[in-house]
Amino acid sequence: MTSALFIREGQLFLPTQAAGGPWSPEYLHGGSPAGLLAWQLEQATADTGLRLARLSVDLLRPVPAKPLQVEIEVVRSGRRLRLLAANLNADGVTVCRASALYLEQVPVDVPDFGRFPAETLPRGDHPAATLVEVAQRQRKTPPLTLPGLHSTAQVGLIDGVDGRGWGRVWMRLPVPVVAGEPCSSTVQAATLSDFGNGIAQLRVAENTGSINADISLYLHREPRGEWLGLDARSRMEGHGNGLVETTLYDETGPVGRVLQATLAMPVYAGE
C-alpha cells in the first residue's frame with residue numbers, strides 16, 4: 001500500500017497512486033484535494049486554538065495527477081473567528097478552491113432540548129473492503145481496475161450503497177494525506193467527505209448516475225477515533241440537479257454534516 005496520498009517536495013505536493021480517481025489515471029479523486037487543502041489550512045491555524053466549523057470546497061475542474069501548489073489567504077482573523085481561503089493550483093491554473101471557517105470554543109451548559117442526538121450508527125461488516133468492492137457487491141457492477149483513494153480508504157458496510165440513493169458505512173483512511181505528517185481526525189473527515197455521493201449514488205436510469213461539483217463539510221465537534229460513520233442520502237429533480245446530504249458520526253454520536261450539489265451524468269463504462 002502507498003504510504004500517503006501526497007509527497008511534499010518544497011512548496012509542491014506530488015500525488016501518489018493512492019490519491020487517484022476511478023475513471024482515469026490522469027485525474028485525482030475529489031476527496032484527495034479536499035484532504036490536502038484541509039491539511040494545509042490546518043497548518044495555517046495550528047497556533048490559534050480555533051476549531052474547524054466549516055470547509056467548503058469547489059471542484060472547479062478535474063484535478064490532474066501533477067505537482068500541486070496551495071495558496072492560502074487570510075480573509076478575516078479575529079479572536080473568536082478566522083476565515084481562510086485556499087487555491088489549489090496545477091501548472092499555474094486553479095483547479096480547486098476552498099473556504100474554511102474556524103471558531104472559538106467556549107464552555108457552555110446546553111439544555112437537553114438543544115443538544116445533538118446521542119444515537120450513532122450500528123457497526124458495519126468486516127472493515128477490509130473498499131467502496132469499489134462494496135458497490136460492486138451491492139450493485140453487481142463490473143470491477144474497476146484503477147487504483148486510487150476509492151481503493152485505499154477502508155469501508156465497513158452497514159446497508160444500502162445499491163444505486164438507489166442511500167447508504168450507511170463506516171470508513172477509515174489508513175494512510176496520511178501528506179507523507180510523514182500526522183493526519184488529524186478533522187483532516188480525515190475532510191478527505192472522506194467526498195464519498196457521500198458514492199455511498200448514496202443515485203441511478204435515475206440504467207446508464208445515468210450523478211457527479212458532485214462541490215463539498216460543504218460542517219463539523220460541530222472534532223471526530224474521535226479512527227473510524228468515521230457516514231449516513232448518506234441523495235435526491236434529484238427532473239432538471240438533473242440534485243443534493244446529497246450526509247450525516248457524519250463517530251462511535252459516540254453525530255459530529256457533522258456534508259452537503260454536495262450533484263448533476264446527472266452518463267455512467268462511465270465499467271462503473
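Which residue pairs have Cβ atoms under 7 Å apart, sit 6 or more places apart or on different chains, and have a first residue in region 102-123 that is of a type in the set (S, T, N, Q) and a second that is part of a loop (DSSP other than H, G, I, E, B) and surrounded by 10 or more Cβ atoms within 10 Å (Cβ to Cβ)?
Thr120/Glu251; Thr120/Thr252
State which residue is surrounded by the most Cβ atoms within 10 Å (Cβ to Cβ) when the search covers only region 46-87 and only residues that are in contact with a Lys or Arg (Cβ under 8 Å, 6 or more places away or on another chain) and within 29 Å of Gly148 (Cα to Cα).
Val57
If you check Val175, Val132, Val169, which single one turns out to be part of a helix (DSSP H, G or I) and touching a residue at least 24 places away in the same chain (Cβ under 8 Å)? Can you show your working first?
Values: Val175 fails: part of a helix (DSSP H, G or I); Val169 fails: part of a helix (DSSP H, G or I).
Among Val175, Val132, Val169, only Val132 is part of a helix (DSSP H, G or I) and touching a residue at least 24 places away in the same chain (Cβ under 8 Å).
Only one of these conditions is not met by Ala261: (1) outside any loop (DSSP other than H, G, I, E, B); (2) closer than 26 Å to Thr120 by Cβ. Which number is it?
(2)
Going by what's in this entry, would Arg168 be described as charged (D, E, K, R) and either crowded, with 20+ Cβ neighbours inside 10 Å or under 26 Å from Glu26 (Cα atoms) (or both)?
Working: charged (D, E, K, R): yes; either crowded, with 20+ Cβ neighbours inside 10 Å or under 26 Å from Glu26 (Cα atoms) (or both): yes.
Taking the combined requirement at face value, the residue satisfies it.
Of the numbered conditions (1) touching a Pro at 6+ places or on another chain (Cβ under 6 Å); (2) modelled with pLDDT under 95, Asp250 satisfies every one except a single condition; which is it?
Single failed check for Asp250: (2).
Only one of (1) crowded, with 18+ Cβ neighbours inside 10 Å; (2) free of Cβ contacts under 8 Å to residues at least 24 places away in the same chain is not met by Ala90, so which one is it?
(2)
The values are calculated or read from the model by the stated rules, or taken from the named source; none is laboratory data. Note that the coordinates shown come from a computational prediction; the quantities given were computed from them, not determined experimentally. In this analysis, Cβ positions are derived from the backbone assuming ideal geometry, glycine residues included, and neighbour counts consider all displayed protein chains.
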